[in-house]
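Laboratory data are not the source of any read-out in this text; all were calculated from the coordinates shown. It should be emphasised that the depicted structure is a prediction, and the values quoted were computed from it without experimental measurement. Here the Cβ positions follow ideal geometry from the backbone for every residue, glycine too, while neighbour counts run over all protein chains shown.
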Amino acid sequence: MILINKAITGKETATGIASPFQALLNFYSAFNNQNLESMERNWLQTDDASMSNPLGGIKRGWDEIREVYKKIFNGEARVYVEFYDYSIHPTKDMFIAVGHERGLLEINNQQIELAIRTSRIYQLHDRQWKQIHHHGSMDNPGLLKTYQATLLNNHQE
C-alpha cells in the first residue's frame, strides 16, 4: 500500500508514463474539464466496467456509465472534485485507489461543498491503466439529496 497526501486535481503535469498516478490524473483532468472523449479513454469500454456513485444505482458497462457522465457534463451545474488522502494498492495487473474527494457543485450562483468517499479500480489493458470500477459515497444524507436533485433534475436534454 502506498499512502499519498498530495491531492490530484487534474491540473498536474502529465508524466507520459502508464502509472497509477497518471491514470488518476487523467480521470480528474477529464472530469474537471468535462471532457467525455478523455473520460472514454480512461475507462475500460466493455460490459465488465461498473460504477456505483452518489447519483444512485449501479451502472454496468461503459454505455450506462457514459450516460452518467453526459448528464454531469451537459447539465447546467458545474462539478469540480479533487482526490486527496488516498492510498494506492497495486498488484501486477491492477490497482485500487481508495480515498476522499472534495469539491464544489455550482449552479445558479450557488455553491455546494462536496465530500465523497471514493474508490477506483484500474486494470492493465494493452499496457494502459483502464478504470474498471468506481464507487463513491456521501456520508451526509442532506448533501447527498441536494447533489442528486441538482444533477438529475437540472441537466439539459
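Annotations
- The Cβ shell under 14 Å around S119 holds other residues with a net charge of 0, Lys and Arg each +1, Asp and Glu each -1.
- Rel. contact order, % - alpha carbon contacts under 8 angstrom, at least six apart, the chain: 25
- Rounded to 10°, Cα long-axis angle of helix 62-74 versus longest principal axis of the chain: 50
- 13 Å beta-carbon shell around Y69, net charge (K/R +1, D/E -1): 0
- Where trypsin sites (Lys or Arg not before Pro) fall in DSSP loop in region 53-109, at most 14 other Cβ within 10 Å: K92
- Between the Cα long axis of helix 141-153 and the first principal axis of the chain there is an angle of about 80°, rounded to the nearest 10.
- Charge dipole (debye, nearest 20) of region 2-153; +1 at Cβ of Lys and Arg, -1 at Cβ of Asp and Glu: 120
- Straight-line cross-link partners of K71 among the lysines, defined as a Cα under 22 Å from its Cα and at least 8 positions apart when in the same chain: K59, K130, K145.
- Taking semi-axes √(5λ) of the Cα gyration tensor in Å as calculated from this structure, the corresponding entry among (i) 45, 26, 14; (ii) 24, 17, 15; (iii) 49, 14, 12 is (ii).
- Region 20-77: GluC sites (Glu not before Pro) in DSSP loop, at most 15 other beta carbons within 10 Å: E76
- For region 129-139, 3J(HN,Hα) per residue [Karplus equation, 6.51 cos²θ - 1.76 cosθ + 1.60, θ = phi - 60°, Hz, x = Gly/Pro]: 7, 10, 5, 10, 8, 9, 9, x, 9, 10, 6
- Of all DSSP beta bridges in the chain, antiparallel share, percent nearest 5: 90
- Here is how the number arises for the chain: DSSP H runs of 4 or more residues each give -39500 (n - 2.57), the sum is divided by the residue count, and the result at 222 nm is -9000 deg cm²/dmol.
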